[in-house]
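Below: one structure, written as C-alpha cells.
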There are 2 protein chains.
Amino acid sequence: MQLPVRSRLLLLLLLLLRASGLRAGERSSSAMEEIATEKEAEESHRQDSVSLLTFILLLTLTILTIWLFKHRRVRFLHETGLAMIYGLIVGVILRYGSPSSSGHDKPFSCSQEDRPFTTLLVNVSGKFFEYTLKGEISPGKIHNVEQNDMLRKVTFDPEVFFNILLPPIIFHAGYSLKKRHFFRNLGSILAYAFLGTAVSCFIIGNLMYGVVKLMKLVGQLSDKFYYTDCLLFGAVISATDPVTVLAIFNELHADVDLYALLFGESVLNDAVAIVLSSSIVAYQPTGENTHAFDATAFFKSVGVFLGIFSGSFMMGAVTGVVTALVTKFTKLHCFPLLETALFFLMSWSTFLLAEACGFTGVVAVLFCGIAQAHYTYNNLSVESRSRSKQLFEVLHFLAENFIFSYMGLALFTFQKHIFSPIFIIGAFIAIFLGRAAHIYPLSFFLNLGRRHKINWNFQHMMMFSGLRGAMAFALAIRDTATYSHQMMFSTTLLIVFFTVWIIGGGTTPMLSWLNIRVGDHAPSVEEINESRWLYFRVGVDPDQDPPPSNDSFQVLQGDGPDSERGNRTKQESAWLFRLWYSFDHNYLKPILTHSGPPLTTTLPSCCGLLARCLTTPQVYDNQEQLREEDSDFILNDGDLTLTYGDTTITANGSSGSCTAPTSLDGRKTKSSSEEALEHDLGMGDNEVTSRGTRLVFPLEDNA
Amino acid sequence: MQLPVRSRLLLLLLLLLRASGLRAGERSSSAMEEIATEKEAEESHRQDSVSLLTFILLLTLTILTIWLFKHRRVRFLHETGLAMIYGLIVGVILRYGSPSSSGHDKPFSCSQEDRPFTTLLVNVSGKFFEYTLKGEISPGKIHNVEQNDMLRKVTFDPEVFFNILLPPIIFHAGYSLKKRHFFRNLGSILAYAFLGTAVSCFIIGNLMYGVVKLMKLVGQLSDKFYYTDCLLFGAVISATDPVTVLAIFNELHADVDLYALLFGESVLNDAVAIVLSSSIVAYQPTGENTHAFDATAFFKSVGVFLGIFSGSFMMGAVTGVVTALVTKFTKLHCFPLLETALFFLMSWSTFLLAEACGFTGVVAVLFCGIAQAHYTYNNLSVESRSRSKQLFEVLHFLAENFIFSYMGLALFTFQKHIFSPIFIIGAFIAIFLGRAAHIYPLSFFLNLGRRHKINWNFQHMMMFSGLRGAMAFALAIRDTATYSHQMMFSTTLLIVFFTVWIIGGGTTPMLSWLNIRVGDHAPSVEEINESRWLYFRVGVDPDQDPPPSNDSFQVLQGDGPDSERGNRTKQESAWLFRLWYSFDHNYLKPILTHSGPPLTTTLPSCCGLLARCLTTPQVYDNQEQLREEDSDFILNDGDLTLTYGDTTITANGSSGSCTAPTSLDGRKTKSSSEEALEHDLGMGDNEVTSRGTRLVFPLEDNA
C-alpha cells in the first residue's frame, strides 16, 4: 500500500509530465494524480502521528521513571531533568538514526524583486497551488532545507509553547501560590522579581555586550549582534525556574519562607522577564545608530513595560472577578462538569484575551490564577474544586514535562544552532554575576526593612537556586530568525541543561552544606495530596478548614525563633497590605463570593438595593463559619492541617466565637477584619496548644 | 506601537526596495526589516489568539446556555445543536463583519513545469524565504486567496479533528459503553454496525451516482464526479452520531435495550465508516475506466478493510492490555497524578500508534477504551478512577462541543462551498432510503434469531435516530481538494444541521408518538453522576459494588415482560460469548488485574512459575470479593444502584457466599464462572426482593 518516497515522487513526476501533454478530458492521469496527492497527505499524516507518538513515548518513560525515583526516593534528578535526558536520547536517535530523504525538498528558486508575500500561488501545468511563508533561511543553511522530514515534524512552531503549553504551567503556579507566606514576604518577593530581574537583565546584557565585542575582535562573530540583542538575552535568561529546587524543598520541608521567596520570585520574574523582553524589542531609537542611548525610546520602552504589565494584571484580575461572579450567581455548582469546563475555559481565555489585546498572556494568566484561587474557588462546589485542581494539576504536569522533553530534543532537532565557545562561557559567567548582583545587594537593602532578616545562608541558597527552565527556553525559541537570536537560543539551551542537571542535582547537598533547616516530622505536601481522597471519604474538605500556620507547628516543636515570627508578621504587614486586606474582607469577598460580612451591613444605606442584589442567602448561613471563609488557603505545600481524617479537630477554631475569648494581647477591641487578618497570619498560636493536636498520618503507603 | 497593516507593508516594501540598492554593510534598513518582520509575527500571533478566543467564547456561551437549558429542562435543543447555532452566529459575524485585507495576499504567479514541491525557496533581493505547500486552489477560486486573514485563521487543518478532537470523544464512548447491555445485544449491534453500514453506504452511493448522472444531464455538474466519489459519500454519510437522541434517552430513561442498540451501533459504525472510506479511497482499478467493476481491486479493498479493522482492533486491545499490566505490576496507584497521566498518555498513544502504522486510530482507540474499562480500571486506585473518568469526561465534553461549534462556523468560513440543490435534495432522499434499507431488513433477519424481538416501534425509532454528527463532518472535511469533495462536504454540513436540529428536536415527541416506554422512577444517569461525590464522602465506590440489572428494578415494579428477560438473556448469550466469558474470567482477568480466581489454581501445574509471577498477593485477599470484581461495570447510564449514600445495602450481595445459597433453578452445580456470568447478566433477581431496597435520592438539587 505504501511505495517508497522516491518511487512515489518519480511516479508523480511522470504523471504530471504526461498530464501536461494530455488534454483536459483525460481522466486517468488526473485521477492518479489525485490519488498520489492523497498518498502524500497520508504519509504526512503518518509522520505527524509518529512525531506526536515520540513525545508521548518520552512522557510515558518519564512518568515511569519518576515513579521509580519516588519509589526509591531518588532526589538528585528531578522529573524535569529526567524529561530532558529522555528528550536528548530521542533527539540523538532522530537526528542520526532516521534517514534523510534527499530530493524531496529540492529548493526551487524563483526570484522576486518585491517583498516576501505571506502567500504564493504557483502555477504548475495549469493547476494552482498555494504556498504559505514559513520563514527566512540564511544562505548558509539552504542545504538544510533538504533535511529529513522527521526532524521537521518534531519541530514545533514556537507559538505552541506560548499558546498551549505555558498557560497551564503558569496558571497552576498562580492557582497554588501559598498565599499566606506569599503575602508575608510580598515586599521582598516584589523587589526580587522586579528590581532584581531588571538588574540582572542589565548586568547580563552589558557583560554579554562586552563578550560580543571580544568575539568580534577575535573574528568569531559572523554576523550582526546588537546591544539590544544582548539586553534581550539578559531579559530572556533572567527568567528563573527553580522547579527542581522547589520540589526538593517540598520533600524535605525546608524553610517555608525560603520556599515562598523562591517560588514567588520565580513565578513573578517569569512574568517580568517576558514583558521586559517585549519592551526591549519595542526599543526603537530614532536615527541610524542603535547604540546611542535614546532617552525618548528608553522611556517609551519603560512605558511599554508598565503598560503591558498593568494591562495584563488588570485583565487577569478582571477575568477572575467575572468567573467569580458567574459561579456565584448561577447554580452551575449543581453540574460539576459544566462548572469545571467553564472554569477551565475562562481561565484559558484570559491568556488569549491578553494576547489579543497586545498584553502579555502569561502575566494575565498568573494573576487570573491568583484571583481564581482567592475568589472563584470559594464558589465552586466541592466536586468542582477537586476536579479543577486535578485537571490543572495533570495539565501542568504534562505540559511541563513536555517542554523539558522538547528541550532535550531541540538540541538535536533544531537545525540552526550556533555554538560559540566564547559566547557560552561568557554567558555562564554573566548569569553567575548577574544572579549575585540580583540577590546580594537587594537582600542587603531588604534586610534593612525586614525584622526577620534574610540571612546569609538563605541568600546563598537563593543565589544557588537560579535555575533556568521553561520560560527562558520559550522566550529564546520564540524568534530564531537571525544569527544573534540563534546563538542566544543555543546558549540558553546549554544553560538550562547545566542548571537543571548540575545545580538541581546539587540542591540536596547544598541544603545541608548551608545548614538550612529541613523538617521531617510533618507530612509532605505529596503525602497530603496523595491522601486527599481521605477527605472526600469522610466529608472533610482540607481546603475549607483553616490550616494552622507552620509556625504553630514549630511552636509545638518548641522551636525558639518562631515565637518571634508572630511579632514579625504583625509588624511586617505593611499598612498598605492591611488596608487592602480590610477592603478585600469587607467588600470584595462579599461581592464575589458567598462569604460574609453581608454587604447589607457593610455598605452605606444608599447602596442598599445594590447590596441586596449582590448578597446571596448563603451569606447569612455562613456567618457562623466566618473564620473558615476568611482563612481559606489552597493547601498546597508543607503547611500542616491537623485535620487528617478527623473532622472534629480544627486547630484555629471553627466557630467565630472561638477567637474572641482567646485572642492574644488584649486584641478584643480590634475590628473583626483586623482579627481575621491577624488570625490568618498565624497569631492564634496559643489556641493550638490549648486545644491539643492529633496527627493522623495518611493511610496509604507512599513508599 | 502598531501600525495599520497597509502602512506596515508599504514600509516593508520601501525598505526592501531600498535594501536591494544598499550594500550589505548597511545596518539600519536591515534592522528595520527585522523589526518589521517581528511585527508581522506579532500580528499573526494576535490573530491566532483571537481565533482561539472565538472558539472559547463559543464554548463558554454554549456551557452557560446548557446550564440554562438544564435548569429549565429544555429538551428540544441539545448542547451540540446549541453549539452549532452559536458557531453559525459567529461565522456570520466573521464572514460579513470583519474587514478583508486586500492586497495583503496578492498572488504571485511563478510558473513551474515540474510538480508542486512541498517546499519552495524564494529569492527576494538576496534573502531566501521558505514556503510550504498548503494545497491546491481551483482556478475559479483564486480570488478567494485574498480573503481576509480572520477567516483563514479560524479554519483548521482537518487533521486537527483526527489527531486531537476525535480521540477523546471516541475513547470516552468506548470507556463508557455499558457493557452488560452492550454484550446482551452484541450480535445485533455488530450486524447493524457492519452489515448495516455497508448496505447503507452502497445504497446511498448508488443513489447519489444516479443523482450525479442527472445533474450532468441538466448541465449542473461543473467538474468530474466519479462513482468512487459517490461511494465515498455513502461511507462518510453513513456514520451516525445520535448524541442528541441518546442524551434524551438518558434523561427520560428510555428502554435500555434501545439505548444499547443505538449507542453501540453509533459507536461501532463510526469505526466502520472511517475504515470503509479508507478502503474506498484505496480502490484503484487497473486500466483507465474507473467505472468498471474490477474484481481484483474490489477484493483488495475488502482486504484493506478487514486488515485495517482487525489491525486497529488488535492495537487497541494490546494497548489496553499493556496499560493493565503496567498498572498491575507497579505501585503507581500510590501516585494518582502519575497514574492518571500515564493512563491518559497510553490511551492517546493507541490512536497515534495505529495511525502511524497505517491503521485507523479511531477504531483502535475505541477498543482501547473498552479494554481499559474492562481491565485497567480495576487496577487503578480509587482516586485515579475518578480522576481519569473526570478527565476524559471534560475532554470529551469540550471536544464534542468544539467540533459542533466549528461545524456551525464552517458554513461561513469555509471558502470552497459548493451548494447544488439537486445534489442536496438527492442526498436527503438517499440517506432516508439508506437508513430504511439499513434498519428494517436487518431487524427482520435479526428478529428471526432473537427471542426478544426488536419491535416495530424500536425500529421506527432507530430509523428516526439516524443523526449525523462529528464523524461524518470530520470525514467529509478531511479532503476538500476537488470539486466533488467540496460538494460532498457542503452537503454533509447541511445534513448534519438538519438532522441535529430538526430530527434531534423531534426526539421527545417521537418517543411519545411511538409509545416507547420511558421510566421516571429511577434517578437519571446525570443524577447519579452529579451525586457521585456522595459516594466519596461516605466511602463507597459505586463502580465497585455490583449494580443490579435494570431488570431487577423492573421486577420490583411488577413489570410483566421483564421476567422473561431473565430467560432471554440466558438463551441469547451465545455459546461463543459464554466461551469468551469463561476465558476472560479464568485467565485474562487474573493475568491483567488483581481479580481471582488465582492463576495458580486455574493454570496447569507446568505453568506454575508463570502463574506465581503473574499472581499478585491481592488476589488472595480478593477471593472474598469475587462477586464485585466479576461484575464490575462502569456505571454510566440508567442502571440503578441501590447504594445511594448507604453503604450497607448491596443489592446482589457483596460477599461470595451470598450467591451460592440463593441461586435460582438449582444452578449450584454450575462452575463459578458460569455462576458469575449468569449473575452478571442479572439472573439473581430474587436476591433483590429478599433483601429489600431503599432508595436515597441525591441530596443536591439538580433543578
With criteria (1) under 19 Å from B:K331 (Cβ atoms); (2) within 14 Å of another protein chain (Cβ to nearest Cβ); (3) more than 20 Å from the chain's Cα centre (by Cα), B:K416 comes up short on (1)
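Can you confirm whether the stretch B:310-320 contains a residue that is out of contact with any strand residue (DSSP E or B) (no Cβ under 9 Å at 6 or more places or on another chain) and either facing chain A (nearest Cβ under 10 Å) or farther than 23 Å from B:D584 by Cβ (or both)?
No: the stretch B:310-320 contains no residue that is out of contact with any strand residue (DSSP E or B) (no Cβ under 9 Å at 6 or more places or on another chain) and either facing chain A (nearest Cβ under 10 Å) or farther than 23 Å from B:D584 by Cβ (or both).
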Looking only at the stretch B:393-405, decide whether some residue is at pLDDT below 90 and either over 19 Å from the mean Cα position of the chain (by Cα) or facing chain A (nearest Cβ under 8 Å) (or both).
no
With respect to A:K106, is the statement that it is at pLDDT below 80 and at the interface with chain B (Cβ under 10 Å from one of its Cβ atoms) true?
yes
Keeping to the stretch B:145-170, report how many residues are modelled with pLDDT of 80 or more and closer than 14 Å to B:A470 by Cα.
11
If the requirement is being within 11 Å of another protein chain (Cβ to nearest Cβ) and at pLDDT 70 or above, which of these qualifies: B:S531, B:S484, B:S465, B:S490?
B:S484
If B:L411 meets every condition in (1) farther than 17 Å from B:V154 by Cα; (2) touching a helix residue (DSSP H, G or I) at 6+ places or on another chain (Cβ under 7 Å) apart from one, which number is that one?
(1)
Hits in the stretch B:345-357 (condition: within 7 Å of chain A (Cβ to nearest Cβ) and not acidic (D, E)):
B:L345, B:M346, B:W348, B:S349, B:L352, B:L353, B:A356
Scanning the stretch A:33-79 residue by residue, the ones that are at pLDDT 80 or above and in a loop (DSSP other than H, G, I, E, B) total 3
Just to be sure, is B:V302 among the hydrophobic types (A, V, I, L, M, F, W, C) and within 29 Å of B:L190 (Cα to Cα)?
yes
So which residues in the stretch A:37-79 are more than 7 Å from chain B (Cβ to nearest Cβ), of a type in the set (V, I, T) and within 18 Å of A:T155 (Cβ to Cβ), if there are any at all?
A:T54
Within the stretch B:420-429, identify whether any single residue is at negative phi, crowded, with 21+ Cβ neighbours inside 10 Å and within 24 Å of the chain's Cα centre (by Cα), and answer yes or no.
yes
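The values are calculated or read from the model by the stated rules, or taken from the named source; none is laboratory data. On a predicted model such as this, the values are computed, not experimentally measured, just so you know. Glycine also receives a Cβ, built like all others from the backbone with ideal geometry; neighbour counts cover every protein chain displayed.
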